[in-house]
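See structure below.
The values are calculated or read from the model by the stated rules, or taken from the named source; none is laboratory data. These figures come from a predicted structure and were not determined experimentally. Neighbour counts are summed over all protein chains in view; Cβ atoms, including those assigned to glycine, are modelled from backbone coordinates with ideal geometry.
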Amino acid sequence: MSTPGAGHRPVLLERVLTLLAPALDRNGTVLVDATLGRAGHARALLDAHPGLVLIGLDTDAAAVEASRRLLARYADRVTVVRAVFDQVAEVLNDQGHSAADAFLFDLGVSSPQLDEPERGFAYSYDAPLDMRMDQSQSLTAAEVLNTYPAPRLGEVRPADSRRRGARAVPRTAHLDRATD
Ligand SMILES: C[S@@+](CC[C@H](N)C(=O)[O-])C[C@H]1O[C@@H](n2cnc3c(N)ncnc32)[C@H](O)[C@@H]1O
C-alpha cells in the first residue's frame, strides 16, 4: 500500500540538512524531530547520517501511522511516539535519554492536513472549521469561534496575544464558515 506523503520533499530540506549536520556527525547522536509529519526531514537526515538515532513525535494519529510505515526501514534507529512536543522531556526519558544532540521543530500544518477537507484547515474547501491537530481532542476551532467571548476590534488582551493565532476579529466574520 502506498503511504500518502511518501514522495513529499520539505521545502527547506537542504537548509535543515546543512544546519543540523555539525550536531549529527558522531555515531549514536540523538535527534528529536518534534513535528514528524510525513517524515520527509527524518528520512533525509537518517540517510545523511547512518549513525543517527531519531526520536520522532507528532500529535496527529494519521501522521504517526504514516511515519511508522515510511520509517520502517530504519526501525533499529527510530522511535515514533504520538505526543505533543511539550512532552519531549518525558518522551526522551522514557527512551532512556537524558538529553538529545539536536531538535527539529517544523511548525505548522502538513500537506495532508491541508489536503483533507474534513480536517478543516484549508480555506479552499467549504468544510466545517475543525482544525484539530489531535483528533482525539474534542475542542474544534468552530466551537471556539462560536462560543468563546470575542474581544472587540483592536482590544486583544495581553494573555490573548500570547496565544498562537490570537487575532482581534469581528465575530460575525467567521460565523459562516464556523458551522457544523
Ligand atoms: C509542517 S508539518 C511537519 C512536516 C515534517 N517536518 C516532514 O518533513 O514531513 C507539522 C507537523 O507538526 C504536527 N504538530 C502540530 N502541533 C504539534 C504539537 N504541539 N506537538 C507535536 N506535533 C505537532 C502536525 O500534526 C504536523 O504533522
Sole miss for Asp106 among (1) in contact with a His (Cβ under 7 Å, 6 or more places away or on another chain); (2) outside the structural domain of Gly37 (by TED's automatic domain parsing) is condition (2)
Flagged in segment 69-97 as closer than 14 Å to Leu31 by Cα, out of contact with any Phe, Trp or Tyr (no Cβ under 8 Å at 6 or more places or on another chain) and among the hydrophobic types (A, V, I, L, M, F, W, C), in numbering order, are Val78, Val80, Val81, Ala89, Val91, Leu92
Checked pairs for segment 74-93, first not assigned by TED's automatic domain parsing to the domain that holds Ala48, second among the hydrophobic types (A, V, I, L, M, F, W, C) and exposed (fewer than 14 other Cβ atoms within 10 Å of the Cβ), C-beta under 8 Å and 6 or more apart or across chains, list as none
